[in-house]
1. Of all residues in the range 122-171, count the ones that are open to solvent by 10 Å² or more (accessible area, probe 1.4 Å), among the hydroxyl-bearing types (Ser, Thr, Tyr) and within 23 Å of the chain's Cα centre (by Cα).
2. Look at the range 262-288 and say how many of its residues are open to solvent by 10 Å² or more (accessible area, probe 1.4 Å) and not in a loop (DSSP other than H, G, I, E, B).
3. Test residue 415 against the stated conditions and say whether it is assigned to a loop (DSSP other than H, G, I, E, B), in contact with a helix residue (DSSP H, G or I) (Cβ under 9 Å, 6 or more places away or on another chain) and not aromatic (Phe, Trp, Tyr).
4. Evaluate the following for residue 230: is it of a type in the set (S, T, N, Q) and either out of contact with any strand residue (DSSP E or B) (no Cβ under 8 Å at 6 or more places or on another chain) or open to solvent by 10 Å² or more (accessible area, probe 1.4 Å) (or both)?
5. How many residues are on the phi < 0 side of the Ramachandran plot and either part of a loop (DSSP other than H, G, I, E, B) or open to solvent by 30 Å² or more (accessible area, probe 1.4 Å) (or both) when one looks only at the range 398-408?
6. Quick one: which residue in 311, 300, 306, 289 is in contact with a Gly (Cβ under 6 Å, 6 or more places away or on another chain), closer than 26 Å to residue 147 by Cβ and of a type outside the set (Lys, Arg)?
7. Counting only residues that are touching a Pro at 6+ places or on another chain (Cβ under 8 Å) and at pLDDT 90 or above, how many does the range 510-542 have?
Amino acid sequence: MKILLKNGSVVNVFSEELERADVLIENGTIIGVGDYSDEPADKTVDLSGKFICPGFIDSHIHIESTMLSPIEFSRVTVPHGTTSVVADPHEIANVCGTDGLRYMLAASEGLPVSVYFVLPSCVPATSFDEAGAVLSADDLAPFYSEKRVVGLGEVMDYPGVLSKNESVISKIDSAKKHGAIINGHAPLLSGKDLDKYVSMSIRDDHECSSVEEAKERIRKGQRVMIRQGTAAKNLCDLLPLFDKPWSDRCLLVSDDKHPADLLTKGHIDDAVRIAVANGKSPIIAIKMATINAAEHFHLADIGAIAPGYIADILVLDDLDSVKVRDVYKNGKLVVENGSALEITEPKVPEELENRVRGSFNFKTLCEKDLTVDCNEKRNCNVIKILKGQILTEKLVCNIDFSRNNGIDVENDILKIAVVERHHATGHIGLGFINGAGLKSGAIASSVSHDSHNLIIIGTNERDMLVAAEHIRKIGGGLVAVDNEKVICEMPLPIAGLMSDEKADVCAKQNENIRNAAHKLGCPTDVEPFMNMSFVSLPVIPHVKLTTLGLFDVDNFSLISLFAD
């Protein structure tokens, strides 16, 4: 079948210019760009006044972190112009191991958003984590034969790289053997240590939070993934990277983005819009969202409007608002006038579906489990949340354990607990956190990167216990509790990470649970559940909490709650 898109303005990502041209498509492939007005076609679409550009590519995302199933993720993102993503399924792999990888492959087959995968390198993220599985290089190796597997996911254990840890290096060596791209994850690493890290063929990083950090990466041969997600919003701090020569080495990513934000703000189109609103070239931004990503991951036939490329094509009303009108996937119209057309749901084997549910295994908690054994004033190490960042800082606060077991709501010193939920080890990490802002009640989640144990923040132990028990009851999810009553919930029964609801229902639940946390006192400029989910990730500076206790990321070691 031949389709002719005529009279549009084509965004050329090779020459970085606009050109008035027709685009001729045959059997899903672009066969001509130029004057094809006399070419006979089965279907002709006049795009006068419209702009034609390649489909957007999110180069780094965890679909599980959208809390949507793959098909619902596709339904939400394709109207925003996303036609391909490179997904790291390390969230579900940390819960379900290789069953999680097989589930994501099956559940994403044949969607209008092509889902490519990088294999999770850190299951668990570090030896200080307690995940639901442990994946070795041998466990991962068979998956490289899958046609949609293109790399090894973010190598978060950078101390393991620097010390030549055998397990870490074996995964890197296996990826090299299979010709796979190796993703990086080494926030604030610099100088000679960065040299050692990059020298292991680690080709990109999405954790840059400053221009200076990003430029050092580019100078050392890495590509920088500019992240604009729900919790981590780095784009505005990295705007100079949209200029030459830096833009040639940059990609646009979301990493982690909640469904309410995907529906209201968009996906990669949102990042392009923000850049344009800040005075950057829309053509350069589109290039960073298309061909730069395709070339980095050796996806040879996508990312451009040119002969021989797959017809993943967007029709935009204009370049400033990046408003997507139509989307073609493999030459087939999948979005018309901004609305997604019918999507066929992939078939997931029943036994595999069953294995990624029912992922909770911990004993009923009691108040003593959440109590610090102390009855005096002590200087304590406290986690401080930073707005707009997943980085945290360490505070030292004088805490009076004779009152409320150390909780000081007035000064925003709240209790936090991380409860092991996979193997019933009984391990519970206890600490204190500043910046969550709750004035009453508690919030809890089974989404806590990357091991996804149960995480709870509260103003009192009773509400924390109610929150923990309710999450177990619903098979995973997010919950807000006040006065020992559940005031809002968002069930996530698929591995305790993803909803089985439609995207609009999930987004509404997401909005409601977020608002419930704000009503309990969490600042409105903080995304409570996304920020909380990263407080347990022991590879993001500077101090975190795991099931084994407080963790000093800079020194890569457990530390005492007490600082004196």
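The values are calculated or read from the model by the stated rules, or taken from the named source; none is laboratory data. Predicted, not measured: the structure shown is a model, and the values here were computed from it. All Cβ positions, even for glycine, are placed from backbone atoms using ideal geometry, and neighbour counts span all protein chains on display. Each accessible area value is taken on the protein alone, full model and side chains, heavy atoms only, with ligands, DNA and RNA left out. Shrake-Rupley method; radii C 1.70, N 1.55, O 1.52, S 1.80 Å.
1. 4
2. 11
3. So residue 415 fails the test.
4. On the way: of a type in the set (S, T, N, Q): yes; either out of contact with any strand residue (DSSP E or B) (no Cβ under 8 Å at 6 or more places or on another chain) or open to solvent by 10 Å² or more (accessible area, probe 1.4 Å) (or both): yes.
The answer is yes for residue 230.
5. Result for the range 398-408: 7.
6. That would be 311, the only listed residue that is in contact with a Gly (Cβ under 6 Å, 6 or more places away or on another chain), closer than 26 Å to residue 147 by Cβ and of a type outside the set (Lys, Arg).
7. Count: 6.
One line per residue, one yes/no per condition, for (1) at pLDDT below 95; (2) of a type in the set (S, T, N, Q):
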position: 136; (1), (2): no, yes
position: 159; (1), (2): yes, no
position: 195; (1), (2): no, no
position: 220; (1), (2): no, no
